[in-house]
Amino acid sequence: MERRTRGSILNGYLKFIKEKYGGSELKVARADMGIDNLNFKDGQYYQDEIIGNILRWINRNKGEDAVKEAGRFLLHNLGILSWMIRFSDFQTLVLKFPKNYSEVYAFGNCEVDASDPNKIKMTLKDVCYYEEACLAWEGICEEALTITKTQGKVSHTFCENRGEKQCVFTIEISQ
């Protein structure tokens, strides 16, 4: 199956670079990645290699923490979705992750186990095939806690990049 990602995700990460580091740094990033003449439409799908290149550029030039921050930025700044999230509780939000995932990515699988409301597990299979994707997803989970004003901690307990079958993010909710 061809790995494709909606343009809105690509644009979100490019917007992160521009807002965090400035327009001139975005021009450098786009040139480095060979996408300086490309404009991505939010509703169209593009090769997932592009998002990998963006996240790897952020990691190489700004570090791992910046990749996690980009993931947080993405969830926080996806237009109407981020506005609606603010009025949702954490459990409702994570239960919507699989459907939202399937609308944005044309590959992989996202499952959420919320049977224990204090320990929620999000499993991503065939999704995090490079390290930066793991970091971005960790940031997305962290921002979901922040946006819903939920105290908790995110752990990346299993990882495809370390040879496991899938990535599992465990979110422990503090009471």
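Here, each number is a calculation from the coordinates, and none is a lab measurement. These numbers were taken from a predicted model, which means no experiment stands behind them. Cβ sites come from the backbone with ideal geometry, for glycine too, and all protein chains shown count toward neighbours.
Consider Asn100 carefully, then state whether it is surrounded by fewer than 16 Cβ atoms within 10 Å (Cβ to Cβ) and within 12 Å of the chain's Cα centre (by Cα). Yes.
Just one of the listed residues (Glu143, Glu160, Glu164, Glu172) is charged (D, E, K, R) and closer than 22 Å to Leu10 by Cα, namely Glu143. Only one of the numbered conditions (1) closer than 21 Å to Arg6 by Cβ; (2) of a type in the set (Val, Ile, Thr); (3) surrounded by fewer than 19 Cβ atoms within 10 Å (Cβ to Cβ) is not met by Ile58, and that is (3). Would you confirm whether any residue within the stretch 62-79 is surrounded by 15 or more Cβ atoms within 10 Å (Cβ to Cβ), closer than 28 Å to Arg162 by Cβ, touching a His at 6+ places or on another chain (Cβ under 7 Å) and not β-branched (Val, Ile, Thr)? No: the stretch 62-79 contains no residue that is surrounded by 15 or more Cβ atoms within 10 Å (Cβ to Cβ), closer than 28 Å to Arg162 by Cβ, touching a His at 6+ places or on another chain (Cβ under 7 Å) and not β-branched (Val, Ile, Thr). Pairs are defined by a Cβ separation below 8 Å, a sequence spacing of at least 6 or placement on different chains, a first member in the stretch 120-134 that is of a type in the set (Lys, Arg), and a second member that is assigned to a loop (DSSP other than H, G, I, E, B); the pairs so defined are Lys125/Gly108; Lys125/Lys165; Lys125/Gln166.
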